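First the structure, in the form of structure tokens, and then the observations on it.
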């Protein structure tokens, strides 16, 4: 199918597709029943065809409604469509095999039942059953193929998102390394020089006899001390930055945590609370920990649910993020674990620790623990 054909097909509303399938099924039944049908046969045909309207919400029920019409007539459209829909919506192979057997059995039976079980027709009935069973597996395989295609498309999107995330993490790591180097230079060179200025100004203030000179030395010493305080603050910010290009803008705190969870695309619950008055750096660290944990859930555990629990006691506070086992298959993705490395570095700035380990139920948990009063 060409790109133009696919675009036109996608423009057809779902109700239009279902209505067309019902109309085609009715035509198939009318061809088989014309001239020799009883009211009960027509009722079975109408029930089976109308059941296709339920195939998207109740695929198994729609399939079961097509079975009576198979007993009385040699139809193909409605049962095949219903069987395909069941195969496209379930991963239970035993259920699909059972549906195929029911389809073949209903197609093979001849009403009245005594005709089917008569001695001269048993061999032909068995042959017809095997042939019908093989035919029934065609829509089952096609439905499974469509389901696998959807899984692959979803996994490709997840892979692309993971690659973008890895690229962002790499950029963060490079930027964090450059900022750490800049912080070292400021601490080792600039701070040292300013400290010498402060010391020399202090000495001049003590030794000078002229009041004007002492006032000038005092002003230089005061400005130098203030400059040192500003430099220490800037070095702390550079070392604590996570590496994003927007780190110098106002950073998220606990006030944005609920919005982060709402926009994560994961079924997540938030519980607990933190002690009042924790520092802005601690709030930012907790926010980044939750952000990275939910990103990992989305990347490595598709379909999983997550729980974010804030907690504190007399000596420590922290956050624990736990996710359940994935409900959909995931693609193994290459990872340099830069995210967890960055989280551990942030935890160390709070004199805390970060642990990350799998759970017994097949999920994963990440916990940040930091002292309430760091040393």
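The values are calculated or read from the model by the stated rules, or taken from the named source; none is laboratory data. Quick caveat: nothing in here was measured; it's all calculated off a predicted structure. Cβ sites come from the backbone with ideal geometry, for glycine too, and all protein chains shown count toward neighbours.
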- Taking residue 140 as the residue in question, decide whether it is surrounded by 12 or more Cβ atoms within 10 Å (Cβ to Cβ), at pLDDT 80 or above and in contact with a helix residue (DSSP H, G or I) (Cβ under 8 Å, 6 or more places away or on another chain). yes
- Message: Tell me yes or no: at least one residue of the range 290-309 is over 27 Å from residue 154 (Cβ atoms), modelled with pLDDT of 85 or more, crowded, with 18+ Cβ neighbours inside 10 Å and touching a helix residue (DSSP H, G or I) at 6+ places or on another chain (Cβ under 8 Å).
- Response: no
- Task: Pull up the range 262-275, narrow it to residues that are crowded, with 17+ Cβ neighbours inside 10 Å and either at pLDDT below 90 or not assigned by TED's automatic domain parsing to the domain that holds residue 301 (or both), then point me to the one that is farthest from residue 322 (Cα to Cα).
- Result: 264
- Could you tell me whether the range 2-21 includes any residue that is at pLDDT 75 or above, buried (at least 22 other Cβ atoms within 10 Å of the Cβ) and in the same structural domain as residue 130 (by TED's automatic domain parsing)? no
- Message: Looking at the range 146-179 only, could you name the residues that are in contact with a helix residue (DSSP H, G or I) (Cβ under 6 Å, 6 or more places away or on another chain) and over 24 Å from residue 294 (Cβ atoms)?
- Response: 146, 147, 179
- Message: Criterion first (within 17 Å of the chain's Cα centre (by Cα), touching a residue at least 24 places away in the same chain (Cβ under 8 Å), crowded, with 17+ Cβ neighbours inside 10 Å and not in a loop (DSSP other than H, G, I, E, B)) does residue 282 satisfy it?
- Response: no
- Note on the structure: Residue hits (the range 300-314; in contact with a strand residue (DSSP E or B) (Cβ under 9 Å, 6 or more places away or on another chain) and part of a loop (DSSP other than H, G, I, E, B)) are 301, 304, 305
- Is there a residue in the range 237-256 that is out of contact with any helix residue (DSSP H, G or I) (no Cβ under 6 Å at 6 or more places or on another chain), farther than 30 Å from residue 208 by Cβ and at pLDDT 80 or above? yes
